[in-house]
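**Q** Input: one structure, supplied below.
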Amino acid sequence: MQTVFECSTTGPGLYEFTASVQDFVRGQSVATGLLTLFCQHTSCSLVIQENADPDVQRDLQAFFERLVPDADDPSMAYLVHRAEGPDDMPAHIKAALLQTSLSIPIVKGRLALGTWQGIYLFEHRTHPHSRRVRSEEQTTELQSRETISYAAHCLKKKTQNFRFNTSESQ
């Protein structure tokens, strides 16, 4: 199943949308699988990061602003692409350094995130934007049937090279 999450940003920063993603996963009745999130933009990123202390988000934002300042900073004089403003090319650089897609396991119908992990859109542009994150859920049911079929095939051939483990781990 696919859906699109829309996020309105007000400028640079991390925008958490974990609850929306969890609600989507719960509504799909998928026990085990993999959720892929893909950001359809070139000047923002996706990150999984701590969601307990807001200082973490502030420090990440400050780090990336220091690492890749706006194009009007003297250290960025080498940049050629400036048509969309001094924040645009640095936003592309930040997006190239970070992820634009994430894969998150689904276990027992829930995202297998750690206790303090949240899913964030990391906006790198100065002005407000409307961002789209496409998601797709993949269940492991088909993979399981293929594995069972292959196991049966191996048993028929009496090979010892295949080990089949049905235990579920978190």
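The values are calculated or read from the model by the stated rules, or taken from the named source; none is laboratory data. Given the structure is predicted, the values throughout are model-derived calculations rather than measurements. No Cβ is skipped: glycine too gets one built from the backbone with ideal geometry, and neighbour counts run over all protein chains shown. Side chains included, ligands, DNA and RNA excluded: accessible areas come from the protein's heavy atoms. Shrake-Rupley method; radii C 1.70, N 1.55, O 1.52, S 1.80 Å.
**Q** Determine the shape class of region 1-137: with a ≥ b ≥ c the square roots of the Cα gyration tensor eigenvalues, call it rounded for a/c under 1.5, and otherwise prolate if a/b is greater than b/c, oblate otherwise. Provide the component values of the computation, followed by the final result.
**A** Working: a/c = 2.69, a/b = 2.00, b/c = 1.35.
Taking the square roots of the gyration eigenvalues as a ≥ b ≥ c, region 1-137 is prolate.
**Q** Whenever you get a sec, line up Ser45, Ser75 from highest to lowest accessible area (probe 1.4 Å, protein heavy atoms). Mind dumping the intermediate values first?
**A** On the way: Ser45 0, Ser75 70 Å².
Ranking Ser45, Ser75 by accessible area, largest first, yields Ser75, Ser45.
**Q** Here's a follow-up. Please give the net charge around Met76, taking every other residue with its beta carbon less than 13 angstrom from that of Met76, where Lys and Arg add +1 and Asp and Glu add -1. Please report the intermediate quantities before stating the final value.
**A** Working: positive: Arg66, Arg82, Lys94; negative: Glu65, Asp70, Asp72, Asp73, Asp87, Asp88.
Cβ neighbours under 13 Å give a net charge of -3.
**Q** While we're here: Could you calculate the contour length gain from Asp23 to Ser130, that is, 0.36 nm times the residue separation minus the distance between their Cα atoms, to one decimal place in nm?
**A** Working: separation 107, 0.36 × 107 = 38.52 nm, distance 2.08 nm.
Between Asp23 and Ser130, full extension yields 36.4 nm more.
**Q** May I ask you to evaluate 6.51 cos²θ - 1.76 cosθ + 1.60, the Karplus curve with θ = phi - 60°, for each residue of region 43-56 and list the ³J(HN,Hα) values in order in whole Hz, giving x for glycine and proline?
**A** The phi angles translate into 10, 8, 9, 10, 9, 9, 8, 4, 10, 8, 10, x, 4, 4 Hz.
**Q** Amide H of Asp87: which non-local residues (sequence gap of 5 or more, or other chain) have their own amide H closer than 5 Å, using H built in the peptide plane?
**A** Ala71
**Q** Here's a follow-up. Describe numerically, in nm with one decimal, the distance between label points set 7 Å from Cα along Cα→Cβ at Glu16 and at Ser101.
**A** Roughly 2.7 nm, to one decimal.
**Q** Oh, and also: HN-Hα J couplings of region 74-81 from phi, Karplus 6.51/-1.76/1.60, θ = phi - 60°, integer Hz, Gly and Pro as x?
**A** Here the 3J(HN,Hα) series is x, 5, 10, 4, 6, 5, 9, 6 Hz.
**Q** Using a Förster distance of 45 Å, how high is the FRET efficiency between Thr3 and Ala77, based on the Cβ-Cβ distance and rounded to 0.05? Could you put the intermediate results ahead of the total?
**A** Details: r = 43 Å, r/R0 = 0.95.
Between Thr3 and Ala77 the formula returns 0.60.
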